[in-house]
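Encoded as structure tokens, the structure appears first; notes follow it.
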């Protein structure tokens with residue numbers, strides 16, 4: 001079949017040249033300047049092989065500790081000098097890094113109060129508690145610069161944190177707490193471990209990270225005491241009851257029978273373990289508590305609610321605030337006082353037991369209703385009971 005004639009160019013009358021088909025560019029392997037392609041295991045998004053150090057892009061920004069010497073020194077002091085937790089360090093570093101990005105190119109040391117207020121005004125979406133944490137981080141940083149790094153004027157001294165509402169802590173009643181702790185939804189090996197965890201959270205009032213960080217040598221079953229390292233790297237001795245002792249003992253006896261174990265557990269090591277033999281993570285502990293609450297009619301339960309429940313039940317049973325503060329490891333008694341709003345009758349009981357005028361007034365109305373005393377004998381005389389019922393008149 002003959003080819004169709006090519007149309008002539010309108011200016012020259014010559015046939016239009018046929019464009020050569022576009023050739024694909026040579027592959028990168030055929031060019032000498034192209035870099036060698038990484039293997040599939042190191043491709044973007046793939047996980048590096050076990051044992052290899054994580055790859056860092058050369059264009060990645062430097063961490064804040066390396067970018068600002070003042071910030072690096074402050075974080076170092078928080079970690080070693082004050083013993084702040086890794087969560088606090090990450091949160092404070094994130095807040096100050098955001099401030100440094102907002103102030104750039106002005107360094108953090110040269111910031112002034114109007115610049116700090118403009119930075120905070122750009123975060124109107126934050127809740128009062130989140131904004132208060134951001135201000136606390138900024139004020140702590142500049143107070144450190146004044147005290148330790150030679151800064152003359154503290155620009156954050158006049159920053160005022162908003163008043164964040166503190167709702168009453170959620171807690172369970174005695175029956176609900178007993179159901180959650182004594183009847184976890186799992187069975188077998190997992191049930192023994194989970195009950196030991198739940199007993200430590202409720203029976204001893206531990207924080208979830210404190211319970212997960214316990215080793216076997218930290219627990220004294222005979223004395224029913226546990227040595228805990230809490231916030232600020234502070235150590236305290238916390239008692240627990242016989243149910244927690246029984247749960248921990250049953251768990252320790254069953255630990256060698258965990259699945260995927262190649263050998264019995266050595267003495268010591270992590271108290272609470274996962275099915276692989278490693279230490280139980282806080283995220284897994286959250287899941288255990290949530291499942292136990294959902295299974296026993298308390299949906300949305302979290303580990304700190306069991307800690308609140310422990311404190312509330314201690315207060316309702318007559319424990320004083322100073323004892324509860326030591327049990328929970330609060331740095332300030334102000335934190336422990338929030339439980340008095342949960343049990344409003346506590347203040348009334350303390351007043352009636354301690355104040356001399358309250359004691360002189362006689363037994364409390366609750367005691368009168370609960371244990372009525374013997375009836376007084378009627379007065380002698382012809383008027384009898386009618387006289388006893390008549391009100392006494394006062395002299396004018």
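The values are calculated or read from the model by the stated rules, or taken from the named source; none is laboratory data. For clarity, every value in this text was computed on a predicted model and none was experimentally measured. Virtual Cβ from ideal backbone geometry, glycine too; neighbours counted across all protein chains shown.
See the values below:
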item: Filtered residues of the range 352-367 (kept if at pLDDT 75 or above, loosely packed, with under 15 Cβ neighbours inside 10 Å and not in a loop (DSSP other than H, G, I, E, B)); result: 353, 354, 356, 357, 358
item: Failed item in (1) touching a helix residue (DSSP H, G or I) at 6+ places or on another chain (Cβ under 8 Å); (2) surrounded by fewer than 16 Cβ atoms within 10 Å (Cβ to Cβ); (3) within 30 Å of residue 202 (Cα to Cα), with residue 177 passing the rest; result: (2)
item: Residues of the range 317-341 satisfying the condition of being crowded, with 17+ Cβ neighbours inside 10 Å and either on the phi > 0 side of the Ramachandran plot or in a helix (DSSP H, G or I) (or both); result: 321, 324, 325, 327, 328, 329, 336, 339
item: Only listed residue being closer than 18 Å to residue 247 by Cβ and in a loop (DSSP other than H, G, I, E, B), chosen from 192, 172; result: 172
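Here's the yes/no breakdown for (1) at pLDDT below 95; (2) more than 21 Å from residue 329 (Cα to Cα); (3) not in a helix (DSSP H, G or I):
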| site | (1), (2), (3) |
| --- | --- |
| 196 | no, no, no |
| 200 | no, no, no |
| 253 | yes, yes, no |
| 256 | yes, yes, no |
| 260 | yes, yes, yes |
| 267 | yes, yes, yes |
| 275 | yes, yes, yes |
